[in-house]
Structures are given as structure tokens and as C-alpha cells.
1. Scan segment 29-37 and give yes if some residue there is surrounded by 19 or more Cβ atoms within 10 Å (Cβ to Cβ) and within 21 Å of ALA168 (Cα to Cα), otherwise no.
2. Take the residues in segment 8-19 that are loosely packed, with under 14 Cβ neighbours inside 10 Å and of a type outside the set (D, E, K, R), then tell me which one is farthest from LEU59 (Cα to Cα).
3. For LYS22, all conditions in the list (1) open to solvent by 20 Å² or more (accessible area, probe 1.4 Å); (2) not in a helix (DSSP H, G or I); (3) not hydrophobic (A, V, I, L, M, F, W, C) hold save one; what is the number of the exception?
4. Can you say whether ALA154 is buried (at least 16 other Cβ atoms within 10 Å of the Cβ), more than 12 Å from the chain's Cα centre (by Cα) and assigned to a helix (DSSP H, G or I), as far as the supplied structure shows?
5. Tell me, yes or no, whether segment 52-65 has at least one residue that is in a loop (DSSP other than H, G, I, E, B) and either over 28 Å from ASN186 (Cβ atoms) or polar (S, T, N, Q) (or both).
6. In segment 81-91, is there at least one residue being part of a helix (DSSP H, G or I) and among the basic types (Lys, Arg)?
7. Pick from segment 73-85 the residues that are within 17 Å of LEU164 (Cβ to Cβ) and without any contact (Cβ under 8 Å) to a residue 40 or more places away in the chain: which of them is least open to solvent (accessible area, probe 1.4 Å)?
8. Quick check on segment 115-126. Is at least one of its residues open to solvent by less than 70 Å² (accessible area, probe 1.4 Å), part of a loop (DSSP other than H, G, I, E, B) and not charged (D, E, K, R)?
Amino acid sequence: MARKKQYNETEVLEKAMRLFWKNGYETTSMQMLEKEMGINKFSIYASFGSKQGLFLESLKYYKSKVHAILDKLKKGTNGVEDIKQFFYDSVSSNFKDDNLKGCLVTNTYNEFSEKDDELIQEQMHFFMDNLKALITEKLQMDASKDEETIKKQANYLLLAKHGLAAAARVNTKAEIEDYIEMTFKNI
């Protein structure tokens, strides 16, 4: 007979996600995860298969938490203003919790850019492709923009979002707001 879990999987996943977010994948050890999650290695492996499995589940959990921000962008009807608001929304949690810096997905994208981990690369490309498609869709709301301009601006804004996530790790709220305002000055 299988043993009943003595912990809430969502709660331990939240703790793991926050630890990965703060430290990155490589720097986060199994010992750190055990301590933070309050469960032993056996339970981690039984529930998630491996550190990588736990990390992938943490990424999925993170994406489910930011889904509301992406959904707001998707449902917006104000084009560029929707993208700008998305930039503000995506860093707003950084000003409430000093331990969480940047965007977990962007941090992971940067950490794994040179690695051959197909599962994590697949997750990153899916998220970034989806975000670029949403940005493109919002830019297309401006009938005065031609396809070439939309493509260039979508690429620029995706890169600016990466820069924003990196800047949110070290810059002040005022500096971040200036960055966002200047990013959209000529879009």
C-alpha cells in the first residue's frame, strides 16, 4: 500500500520555485531544497523524479502564476499600451519581495542558453515564442505599422523584456520605471 504524502505538494513546489528563482538551477543544491521544502530527498525524488523534474515542475508552476499577467496582455485591446502595462505588471512583484529578482523564465533562459538540456530549452522556447506572438499581435493593432516594422519592434521588445528582467535583479523601482518609459517612447 502506497504511503500518503505528509506534505502539501503545491506548498513545497512554491518553496522550490522561490529557491530556484533566487539562486538559479545550478546553484540550488538538493540539501538546500530539502531544507527549504521541509521534506527529504526520498520524498523529492518520489514526487518529482529528480532535481531536474522538480525544476521543470517549478517552471510550470511559475508559468501558471504569471498566466494572469499574460492573459491580461492577451485580452487587452490597446495595442502598445497593453505591452507597456505587461512590462510594468511583470516586475511589480519584485517591488514587493526583495528576495525574488527578475523573471524566473528569463533567469532560466539566461542560465541555460549555453547548455544542451532539451527539456528545459523546449520550455524556454515555447514561453518566449508565445510571448513574441502576443507582442506581435498587439503591435498589429496599429494599422500604420508595416510587417517589417512590426517584426523589428517585436524583436526589440522581446529583448527589452529580457533586459528588464535582468535589470529588475539589481536596479531601483525608479530606474526600472524610467527603463520602461524610455523603451516605449518611440514604439
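1. no
2. Checked segment 8-19; the qualifying residue farthest from LEU59 (Cα to Cα) is ASN8.
3. Of the numbered conditions (1) open to solvent by 20 Å² or more (accessible area, probe 1.4 Å); (2) not in a helix (DSSP H, G or I); (3) not hydrophobic (A, V, I, L, M, F, W, C), the odd one out for LYS22 is (2).
4. Yes.
5. Checked against the condition, which is being in a loop (DSSP other than H, G, I, E, B) and either over 28 Å from ASN186 (Cβ atoms) or polar (S, T, N, Q) (or both), segment 52-65 yields no hits at all.
6. Checking segment 81-91: at least one residue is part of a helix (DSSP H, G or I) and among the basic types (Lys, Arg).
7. Selected residue: GLN85.
8. Among the residues of segment 115-126, not one is open to solvent by less than 70 Å² (accessible area, probe 1.4 Å), part of a loop (DSSP other than H, G, I, E, B) and not charged (D, E, K, R), which makes the answer no.
The values are calculated or read from the model by the stated rules, or taken from the named source; none is laboratory data. Just so we're clear, the structure is a prediction, and the values are computed from it rather than from any experiment. Please note: Cβ atoms are built from the backbone with ideal geometry, for glycine as well, and neighbour counts cover all protein chains shown. Please note that ligands, DNA and RNA were not included when accessible areas were found on the heavy atoms of the full protein model with its side chains. Shrake-Rupley method; radii C 1.70, N 1.55, O 1.52, S 1.80 Å.
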